[in-house]
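Q: The structure's right below; bear with me while I get my questions together.
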């Protein structure tokens, strides 16, 4: 079996919306609404019945945080989302670069991040 | 499979959130559309979404492959998922595929934070080609379009996998990428 690794050099943060009611979410529409609002690139990476987790690229997390009210208002129109009084938006700091030369090899885990954390 | 012919294809979405209807399955209809455009005579079946359980995925791949279709496409569960964040789904399609396939090629896309963003596997079992694509719509579409493009050029599994990985990579706003 052939395996190759490609490293994507992109800055991203994780944008999380909690306190929602989600059913029949149109992820494509949500990504487009938030991309238009934030003027950047957004990707839905995890969804439950109450929360949505997204990657947002090339943006300062503070810019997302200070725009919380506007973002909540903008997602109201998304198919499959009901905003509640408990709806909140949080945004993590940007990802931290790791040194790939110092990541242990498998078989500890298939995930390099996990291997790196265990090594660290 | 004849590079220029596809008679039967199965689309197999994965993900607890897809199965429960929390998230609409936009990918399967798009992939079905792409197959039908490229192969108007193809019979394409979208199967019931699977939960994110490695053994469930493995068993279903085995069951579907016994029908000897030309193509099986698994959707979603291609990243590091739960291995990276407890709040993310469990990603098992790539590991289930690698356990099942005798012959395969794969490419892994990592972020600079060391997290595996996506692992694309392309392999064969008998006359059946089996691939996976990521869950996000744009990535799934790009990966599958790349697959069809590579297929039409008669490329090897390794080159098909590379084309698919590059197509997914192109969906990220990356300044640079390197292969290691």
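Q: Going by how many other beta carbons lie within 10 Å of each one, how would you line up B:122, B:104, B:48, fewest first?
A: Working: B:122 30, B:104 22, B:48 9.
Taking fewest neighbouring Cβ atoms as first place, the list is B:48, B:104, B:122.
Q: Pick from B:54, B:103, B:139: which is most flexible by mean-square fluctuation in a GNM of chain B where alpha carbon atoms under 10 Å apart are linked?
A: B:103
Q: Can I ask one more? Given springs between every Cα pair under 10 Å in a Gaussian network model of chain B, which of B:135, B:15, B:114 has the largest fluctuation?
A: In the Gaussian network model the winner is B:114.
Q: Which value at 222 nm does chain B reach when only helices count, each DSSP H run of 4 or more adding -39,500 (n - 2.57), with the total divided by all residues and rounded to the nearest 500 deg cm²/dmol? Please list the in-between numbers first.
A: Numbers: 6 runs with 65 residues, N = 180.
So the helix-based figure for chain B works out to -11000 deg cm²/dmol.
Q: Test of understanding: in a Gaussian network model of chain B with alpha carbons linked when under 10 Å, which of B:22, B:61, B:131 would top the mean-square fluctuation ranking?
A: Result for chain B, Cα springs under 10 Å: B:22 fluctuates most.
Q: Okay, moving on. Multiply the residue gap between residue A:84 and residue A:69 by 0.36 nm, knock off their C-alpha separation, and tell me the result in nm, one decimal place. Kindly include the intermediate steps, with their values, before the conclusion.
A: On the way: separation 15, 0.36 × 15 = 5.40 nm, distance 1.28 nm.
Gain on stretching residue A:84 to residue A:69: 4.1 nm.
Q: Quick check: from the Cα gyration tensor, does segment B:33-84 come out rounded (a/c under 1.5), prolate or oblate? Spell out each step's value before the answer.
A: Values: a/c = 2.98, a/b = 1.65, b/c = 1.81.
Oblate, because a/c is 1.5 or more while a/b does not exceed b/c.
Q: Another one. Please work out how much length the chain gains when fully extended from residue B:33 to residue B:48, using 0.36 nm per residue of separation minus the C-alpha to C-alpha distance, in nm with one decimal. Mind dumping the intermediate values first?
A: Working: separation 15, 0.36 × 15 = 5.40 nm, distance 1.76 nm.
My answer for the length gained is 3.6 nm.
Q: Next question. Taking neighbour Cβ counts within 10 Å as the exposure measure, how do B:144, B:58 sort from fewest upward? If you can, show how the numbers build up before the last one.
A: Working: B:144 24, B:58 17.
Neighbour counts put them in this order, fewest first: B:58, B:144.
Q: Next question, about the same structure. Apply the a/c threshold of 1.5 to the C-alpha gyration tensor of segment B:8-169 and tell me whether it is rounded, prolate or oblate. All intermediate terms of the calculation are to be shown ahead of the outcome.
A: On the way: a/c = 1.39, a/b = 1.21, b/c = 1.15.
Cα axes put segment B:8-169 in the rounded bin.
Q: Hey, got the average number of other protein chain Cβ atoms within 10 angstrom for residues in B:135-143?
A: Details: counts 6, 8, 7, 5, 1, 0, 1, 0, 0.
If you average over the peptide's residues, the count of other-chain Cβ atoms is 3.
Q: What fraction of the DSSP beta bridges in chain B is antiparallel, stated in percent and rounded to the nearest 5? Don't skip to the end; give the middle numbers.
A: Numbers: 12 of 27 bridges.
For chain B, the DSSP antiparallel bridge percentage is about 45.
Q: What is the Cα convex hull volume of segment A:12-91 when expressed per residue in Å³? Numbers along the way, then the final one.
A: Working: hull volume 5.6 nm³, N = 80.
Convex hull of Cα atoms, per residue: 70 Å³.
Q: Still on this structure, please answer the following. To the nearest whole number, what is the average tally of beta carbon atoms from other chains within 10 Å of the beta carbons of peptide A:87-100? Walk me through the numbers on the way to the answer.
A: Details: counts 0, 0, 0, 0, 0, 0, 0, 1, 5, 3, 4, 6, 1, 5.
That works out to 2 on average.
Q: Considering every residue in B:22-29, what mean count of other chain Cβ atoms within 10 Å of its Cβ is obtained? Present the calculation step by step, with values, prior to reporting the outcome.
A: Working: counts 10, 13, 9, 0, 5, 2, 0, 0.
Taking the mean over all residues of the peptide, I get 5.
Q: Further question: Going by how many other Cβ atoms sit within 10 Å of their own, how do B:99, A:12 line up, fewest first? Could you put the intermediate results ahead of the total?
A: Numbers: B:99 14, A:12 27.
Least crowded to most crowded, the residues run B:99, A:12.
Coordinate-derived values only; no laboratory data. It should be emphasised that the depicted structure is a prediction, and the values quoted were computed from it without experimental measurement. For neighbour counting, all protein chains shown are included, and Cβ atoms are generated from backbone atoms with ideal geometry for every residue, glycine included.
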